[in-house]
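Report on the following structure.
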Amino acid sequence: QVQLVESGGGLVQAGGSLRLSCAASGSIFGGANMGWYRQAPGKQRELVATVTSGGSTSYTDSVKGRFTISRDNAKKTVYLQMNSLKPEDTAVYYCNLRFGRYDAWGQGTQVTVSS
């Protein structure tokens, strides 16, 4: 069973940056597709960015050009570099791992962007 542990959230002013990390346990990380999701108060969880096992990335339109997802298979860690943060980026950010039909989630990390 995979465990995902996120870190790096916090409070930042608009225009600032944060880097989220998600460390995975187990042995399937290298073959898994990884994603970052977020959920703001009163809203549904939404997909922010994904990186496949082969390194291909995709982003939701609202973060393109500001966020970068990356992975380090040796460290079994996926990152989300968030620049030019906006108040509307405020949410709990969740890491997701998908390997075939196996699906795992982290506990979430709060990101708060003040105006």
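Each reported figure results from applying straightforward, stated rules to the coordinates on display, with no laboratory input. Values in this document were obtained by computation on a predicted structure and should not be read as measured data. No Cβ is skipped: glycine too gets one built from the backbone with ideal geometry, and neighbour counts run over all protein chains shown.
Relative contact order (percent) for the chain, with alpha-carbon contacts under 8 angstrom and 6 or more residues of separation?
About 36 percent, as a whole number.
Enumerate by residue number the trypsin sites (Lys or Arg not before Pro) in the stretch 7-115 meeting two conditions: DSSP loop (anything except H, G, I, E, B), and at most 11 other Cβ atoms within 10 Å of the site's Cβ.
Here the sparse-neighbourhood loop sites are Lys43, Lys64, Arg101.
Among all the lysines, which ones have a C-alpha under 22 Å from Lys64's C-alpha, if same-chain residues fewer than 8 places away are not counted?
Lys64 reaches Lys43, Lys86.
For every other residue with a beta carbon closer than 12 angstrom to the beta carbon of Glu46, add +1 if it is Lys or Arg and -1 if Asp or Glu, then tell me the sum.
So the surrounding residues net to 0.
For the stretch 32-71, just say rounded, prolate or oblate: build the C-alpha gyration tensor, square-root its eigenvalues into a ≥ b ≥ c, call rounded for a/c under 1.5, and beyond that prolate if a/b exceeds b/c, oblate if not.
oblate
For Lys43 and Lys86, compute 0.36 nm times the residue count separating them, minus their Cα-Cα distance, and round to one decimal in nm.
Length gained between Lys43 and Lys86: 13.8 nm.
Looking at the chain, send over the antiparallel percent of its DSSP beta bridges, to the nearest 5.
Among the beta bridges of the chain, antiparallel pairing accounts for roughly 90 percent.
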